[in-house]
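J.: Structure incoming, see below.
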Amino acid sequence: MPRSLEEKLNKFFLSDKPSFSAHLYVANQKKVRELLSDKWSKIVPMLEVKIGKLLSDRMTWDDILVRKDVFSYYVISIDRGGAEAKTHFERLAAQIFEQIFKKDPLLQELQISGSAFKVSTDVVSTMAELKNYLFHHDDSEGATISIGRHNYASRLPEQINNKLVRQVVGLRTACDNFFIAANPLPDENEDLQPYRSKLVRIAEATKIVNDSIAELLGSGSEALSVPEATAEPPAETEEKNDKQLDELHAIVGDHSEIVYFPIWDVDKQLVNNYRCTLVQHLPSGISELNTGSATHIAPYKIDQLIAEKVGSDNLADQNQDDASFFVMPLHVNTLQNKEQFLKIELRLKSLSMLQRKQLKIEIIGATRNTTYEAIKNLVAKIKVYCNSVSFRLSMDMKISPSLRKIGVSSIGFHISDLSIVGKDVTQAIEEIAISSDKLNIDSFVYGVDTIADAAAAIGSGVNYISGQAVGDALDVPWGTLPFEVENLYARLLSS
């Protein structure tokens, strides 16, 4: 159990090891205060609450928090050396910036500054004496701490690769989906035959989780093998997956993977579309490499990796009652280059009519210089291979009123794309909803990671929403699942 303040203080006063404190305060306020002059007095209390809660949540059980004034805090770390304590304090400061200031463009100029210094227990024995000692300490004598948007990511704790966690969530989702469908549960095993497809999904998810656990424990896959009665992917498929992973890491790096983000159909109140994307795990979190500003990786390489992933997961024998749609992005440059598109086109041609019915292709990477005629030709090139074609806009692009006429089923954007033009998220969401209504086609917004952005999208009438507010990245799609507005807040509360 977490220690009480009295227990922490007793340990601090009785400790024979050195303790260190950091004075952390919010700096560079003047510029932000001028930008938000009318709202600043209301924003400060909200930020104070958020910062206090974050510090309380992120500190270890033996850390002591003392608030001096508005935006001014002292954190005492017990039983840490000087360098270790400074790193700990910098990580706390980096988390404040990432979780609070980074989320609002107007607050990104704020910094967390301060100093870390040794605390002598020889001169303090009560809380009052401790406060007096801290509040009158000369900050210039300590090790300087300065965290802002330029360096917060490098000060964050090492990120845990949550791939296994996502796989377990996928298994749980597959089980939940089965119990929802088979309610009440049949008395005899033979009566489970109608739910064969869902049982196969559970078997596949179990195999994935078991293999990952065996790899983590180093005990070999045999120790956690799935019973022979369950459906296992053939060895050939496993070799292909390993080969693709090696190719991916060779191109992008070790901390990369191809995943699916669930897409919420707001009107139908369910999730049955899954967009495939390439992500990289960075100290600041997950970054999608086919959104936002251009990466150093050629778009056609990303497209080919994603097409191969979707092709291997879009199986020909899916049960239509439980089938989900794969959303596969393809870059404009890839589609326009005959040689680069050839590999992808050969894979698309090999799909059966049923597999094509489960595939949706999304054209991405267009710019304001991409003409309507070019878009028309690209749609005509790919629409025979899929169920529908969507179009992801760049935010400085003029929307043609004839997009629906050439076969585009939906338009939208990824929130990361806004970073290129510095556009307000809420304004962009409202504009895309209005534009899609005028064209009489659907709208989508991806990269929705906060409840605020999700609420803006729902209120504006956006049809499809995807991002961490809806669901985390998955290794494989998990069929058709119910999803209502309440689920957004359930995810927030559970996290």
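J.: Quick one: Karplus J couplings for the range 137-149, per residue in order, coefficients 6.51, -1.76, 1.60, θ = phi - 60°, nearest Hz, x for Gly and Pro?
T.: Whole-Hz 3J(HN,Hα) from phi for the range 137-149: 6, 7, 4, 5, 7, x, 7, 5, 10, 8, 10, x, 5.
J.: Same structure, new question: Across 10 Å bins from the origin, how do the percents of Cα pairs in the range 296-404 run, short distances first?
T.: 14, 47, 30, 9, 0
J.: So what is the calculated 222 nm ellipticity per residue for the chain, using -39500 (n - 2.57) for each DSSP H run with n of 4 or more, over all residues, to the nearest 500 deg cm²/dmol?
T.: So the calculated ellipticity at 222 nm is -13000 deg cm²/dmol.
J.: Among Trp264, Trp478, Trp40, Trp61, which comes first, second and so on when ranked by fewest other beta-carbon atoms within 10 Å? Numbers along the way, then the final one.
T.: Working: Trp264 31, Trp478 27, Trp40 14, Trp61 11.
Ascending Cβ contact count within 10 Å gives the list Trp61, Trp40, Trp478, Trp264.
J.: How large is ³J(HN,Hα) for each residue in the range 455-463, as worked out from phi by the Karplus curve 6.51 cos²θ - 1.76 cosθ + 1.60 (θ = phi - 60°), to whole Hz, x for Gly and Pro?
T.: 5, 4, 5, 5, x, 7, x, 5, 7
J.: Would you mind counting up the charge near Arg155? Only other residues with Cβ under 9 Å from its Cβ, with Lys and Arg at +1 and Asp and Glu at -1.
T.: Numbers: positive: Arg91; negative: Glu90.
With Lys, Arg at +1 and Asp, Glu at -1, the neighbours total 0.
J.: What is the local net charge at Val425, summed over the other residues whose Cβ is closer than 14 Å to its Cβ (Lys, Arg +1; Asp, Glu -1)?
T.: With Lys, Arg at +1 and Asp, Glu at -1, the neighbours total -4.
J.: Next question. For the range 158-219, what size does the Cα cloud have along each of its three principal axes, sorted from largest down, in whole Å?
T.: Extents along the principal axes, in whole Å: 47, 23, 16.
J.: In percent, how large is the relative contact order of the chain, given Cα pairs closer than 8 Å and 6 or more residues apart?
T.: Worked out over the chain, it gives 12 percent.
J.: Distance check, please: which entries in Lys68/Lys103; Lys30/Lys86; Lys8/Lys68; Lys53/Lys103 exceed 20 angstrom between their Cα atoms?
T.: Details: Lys68/Lys103 26 Å; Lys30/Lys86 27 Å; Lys8/Lys68 18 Å; Lys53/Lys103 16 Å.
Among Lys68/Lys103; Lys30/Lys86; Lys8/Lys68; Lys53/Lys103, the Cα-Cα distance tops 20 Å for Lys68/Lys103; Lys30/Lys86.
J.: Next question, about the same structure. Which of Arg80, Arg356 has the fewest other C-beta atoms within 10 Å, and how do the rest follow up to the most? Could the numbers behind the result be given before it?
T.: Values: Arg80 20, Arg356 16.
The order, fewest Cβ neighbours first, is Arg356, Arg80.
J.: Amide H to amide H, which residues 5 or more places from Ile145 or on other chains are under 5 Å from it, using H placed in the peptide plane?
T.: Answer set, sorted by chain and number: Gly114, Ser115, Ala116.
J.: Sticking with this one: If eta is 1.002 mPa s and T is 20 °C, what Stokes-Einstein diffusion coefficient results for the range 346-426, Kirkwood Rh from Cα pairs, in µm²/s?
T.: Once the numbers are plugged in, D ends up at 156 µm²/s.
J.: Could you tell me which label, among (i) 22.8; (ii) 24.9; (iii) 28.3, carries the value of mean projected area of the Cα convex hull in nm² calculated for this structure?
T.: The listed entry that was calculated here is (iii).
J.: Oh, and also: How much net charge surrounds Lys438 when only other residues with a Cβ under 15 Å from its Cβ are counted (Lys, Arg +1; Asp, Glu -1)?
T.: Result for the local shell: -1.
J.: Out of all DSSP beta bridges with both ends in the chain, state the antiparallel percent to the nearest 5.
T.: Antiparallel: roughly 65 percent of the beta bridges in the chain.
J.: May I pose another question? What list do you get for Lys68, Lys309 if you sort them by fewest beta carbons within 10 Å?
T.: On the way: Lys68 14, Lys309 24.
Ordered by Cβ neighbours within 10 Å, fewest first: Lys68, Lys309.
J.: Sticking with this structure for a sec: Convert each backbone phi in the range 265-274 into a coupling constant with the Karplus relation 6.51 cos²θ - 1.76 cosθ + 1.60 (shift: θ = phi - 60°), then list the ³J(HN,Hα) values in order as whole Hz, x for Gly and Pro.
T.: Those phi angles translate into 7, 5, 5, 8, 6, 8, 10, 8, 10, 9 Hz.
J.: Further question on the same structure: How high is the relative contact order of the range 1-157, given as a whole-number percent (alpha carbon pairs under 8 Å, six or more residues apart)?
T.: On the way: 225 pairs, mean separation 52.0, N = 157.
33 percent.
Where a number appears in this text, it was derived from the coordinates with a stated rule and is not lab data. Note that this is a predicted model, so its numbers are computed, not measured. A quick note on method: Cβ atoms are made from the backbone with ideal geometry, for glycine too, and the neighbour counts reach across all protein chains shown.
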